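Please see the structure below; I have some questions.
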Amino acid sequence: MSLKIKNVEFLHGENGLSKGDILIENGKIVGLNNEKEQTSFVPEREIDGENCLALPGLVNCHTHAGMVYTRGYADDKPLMTWLEDYIWPLEARITPEDIYWGTLLAISEMLASGTTTFTDMYFAMDKAGEAVEQSGIRAVLTWGLIGLQDNAIAQLEKTVDFAREWRGKANGRISTMLAPHAPYTCPPSFMDKVLQNAGQNNLPIHIHLAETREEMEQMEKEYGKSPVKWAFDIGVFEHKTLAAHCVHLNEEDIDILKEKQVGVAYNPQSNMKLASGVAPIVKLLEKGINVGFGTDGPGSNNSLDMFTEMKMGSFLQKVISKKSQNLPAGTVINLATTGGAEIIGLGSEIGSLQKGKKADIILLNLDKPHLTPVFDPLAHVVYSCRGSDVQTTIVDGSILYHKGEFYSLDVEKVKWEIRKRTERLTKSKK
Ligand SMILES: [Zn+2]
């Protein structure tokens, strides 16, 4: 499949804008701007880029796609009530087939709002893998592990098998990690086994870390240390680690994250909705720590739209620092693209529009009332655009979404399945 996006303004390098053609062949970007090789390039398909801005596809570094059934199910409740009375009972009824359809719905939402890669942590990830394979999106799949259950070791073995079997699948679009859920659900004896397996199989770690005040209190009581120090002491960071949240950090924690090159997934809207707090992103960036954006699951957000995530994420940093120049638009876009790609281990393949990189590209239609006039297109992306301004989503050189139409999935069927399954899952609330 070869494709030309004609005469389009595009993000080139860090915050640079160029105008010209983007040439795509065999899943990769083969030409940018008005380079001479385009004279001999005869594409199978052309898209007119007039009035559009092309960006690298957005990278959602932390979500739980299969949780779409909990979207709007029980909002505005205290965190533990929300979890114990609503989310966990519902999740206890979720089947692998539910996760397949749930992940497809999440993928539909992500493709229609410009996300081309997502990092998922949930259960029955082989079913999530099927959804990724069929839909054409790119994903890092991680099977959440709870170390407190009787069958924890059997689960670990199962997820290691999954991670080995599925990495590189879907034409290389799937990669995998091991995902011990959080310090308070995975005791050190269990973590030892997880890390042993991570080392033996060369698998990175994906973990929730320092998310809530409750977690901080519990870790202090149980271990006398912060979650980050706990993870450092038991050797988590000897493996490439993607840490979600990192809201509550002291100076020592930040130094550890820097020294061990831990990637941080910033989930501002989930942290706001669950009243968890604000991650010190400006400080982390000043220290040179790699950060990407995540939406977290649809139960605690309640959408997977990276555009609102970027806007809120920037505003939140401005508010807590009382400096309106903090986390500016250009930086935000970098975090949502190259930054995210870096912390999930795909920095050399995706995250920027560069010759030789995979063609994961989105086109935003800027010809809209709420986007007029245009002074600075990048400021528009963060402060004025919505996910619904995405006109076209391309992954691995294939058009997956264009002008409201999904090319790789039957979205009406997906929505029908979700409505039917939600009825069963929510029949009794407690
Ligand atoms: Zn999460």
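Report whether or not S352 is free of Cβ contacts under 8 Å to residues at least 12 places away in the same chain, out of contact with any Cys (no Cβ under 9 Å at 6 or more places or on another chain), among the hydroxyl-bearing types (S, T, Y) and open to solvent by 10 Å² or more (accessible area, probe 1.4 Å).
no
If we keep just the residues of the stretch 281-318 that are within 16 Å of the ligand (Cβ to nearest atom) and assigned to a helix (DSSP H, G or I), which is nearest to the chain's Cα centre (by Cα)?
M306
Okay, next question. Of the conditions (1) assigned to a helix (DSSP H, G or I); (2) in contact (Cβ under 8 Å) with a residue 40 or more places away in the chain, T81 satisfies every one except a single condition; which number is it?
Unmet condition: (2).
Still on this model: Being acidic (D, E) and either closer than 21 Å to S175 by Cβ or within 16 Å of the ligand (Cβ to nearest atom) (or both): is that true of E238 here?
yes
Here's the yes/no breakdown for (1) crowded, with 21+ Cβ neighbours inside 10 Å; (2) within 16 Å of the ligand (Cβ to nearest atom); (3) closer than 21 Å to D120 by Cα:
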position: S2; (1), (2), (3): no, no, no
position: I22; (1), (2), (3): yes, no, no
position: G27; (1), (2), (3): no, no, no
position: N33; (1), (2), (3): no, no, no
position: D48; (1), (2), (3): no, no, no
position: G57; (1), (2), (3): yes, no, yes
position: G66; (1), (2), (3): yes, yes, yes
position: Y69; (1), (2), (3): yes, yes, yes
position: D85; (1), (2), (3): no, no, no
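Moving to a separate point now. What tally of residues in the stretch 209-230 results from selecting those that are more than 16 Å from the ligand (Cβ to nearest atom) and either over 20 Å from E259 (Cα atoms) or in contact (Cβ under 8 Å) with a residue 24 or more places away in the chain (or both)?
14
Sticking with this structure for a sec: May I ask you to list the residues in the stretch 162-208 that are open to solvent by 40 Å² or more (accessible area, probe 1.4 Å) and within 16 Å of the ligand (Cβ to nearest atom)?
H181, Y184
Since R421 meets every condition but one in (1) surrounded by 15 or more Cβ atoms within 10 Å (Cβ to Cβ); (2) modelled with pLDDT under 95, which condition does it not meet?
With respect to (1) surrounded by 15 or more Cβ atoms within 10 Å (Cβ to Cβ); (2) modelled with pLDDT under 95, R421 is out only on (2).
Then there is this: Scanning for something assigned by TED's automatic domain parsing to the domain that holds A198, in contact (Cβ under 8 Å) with a residue 12 or more places away in the chain and surrounded by fewer than 19 Cβ atoms within 10 Å (Cβ to Cβ), does the stretch 98-121 turn up at least one residue?
No, the stretch 98-121 has no match at all.
Now a separate question. Consider T372 against the criteria (1) open to solvent by less than 60 Å² (accessible area, probe 1.4 Å); (2) among the polar types (S, T, N, Q); (3) assigned by TED's automatic domain parsing to the domain that holds V30: it satisfies all of them except one. Which criterion is unmet?
Going through (1) open to solvent by less than 60 Å² (accessible area, probe 1.4 Å); (2) among the polar types (S, T, N, Q); (3) assigned by TED's automatic domain parsing to the domain that holds V30 one by one, T372 breaks only (1).
May I ask you to list the residues in the stretch 248-272 that are within 16 Å of the ligand (Cβ to nearest atom), open to solvent by 10 Å² or more (accessible area, probe 1.4 Å) and without any contact (Cβ under 8 Å) to a residue 40 or more places away in the chain?
Answer for the stretch 248-272, where residues must be within 16 Å of the ligand (Cβ to nearest atom), open to solvent by 10 Å² or more (accessible area, probe 1.4 Å) and without any contact (Cβ under 8 Å) to a residue 40 or more places away in the chain: just H248.
Among residues belonging to the stretch 320-339 that are assigned to a helix (DSSP H, G or I) and of a type in the set (S, T, N, Q), point out the one that is surrounded by the most Cβ atoms within 10 Å (Cβ to Cβ).
T337
Does G72 count as of a type outside the set (K, R) and under 30 Å from G144 (Cα atoms)?
yes
Within the stretch 87-129, work out how many residues are within 16 Å of the ligand (Cβ to nearest atom) and of a type in the set (D, E).
Here the count works out to 2.
Mind listing whichever residues of the stretch 345-376 are β-branched (V, I, T) and farther than 12 Å from T116 by Cβ?
T372, V374
In a helix (DSSP H, G or I), in the same structural domain as T241 (by TED's automatic domain parsing) and closer than 24 Å to S348 by Cα - does that describe any residue in the stretch 29-40?
No; the residues of the stretch 29-40 include none that is in a helix (DSSP H, G or I), in the same structural domain as T241 (by TED's automatic domain parsing) and closer than 24 Å to S348 by Cα.
The values are calculated or read from the model by the stated rules, or taken from the named source; none is laboratory data. Remember, it's a predicted structure, so these values are computed and weren't measured experimentally. Positions of Cβ are backbone-derived with ideal geometry, glycine not excepted, and every protein chain shown enters the neighbour counts. These accessible areas exclude ligands, DNA and RNA; they are computed on the full protein's heavy atoms, side chains included. Shrake-Rupley method; radii C 1.70, N 1.55, O 1.52, S 1.80 Å.
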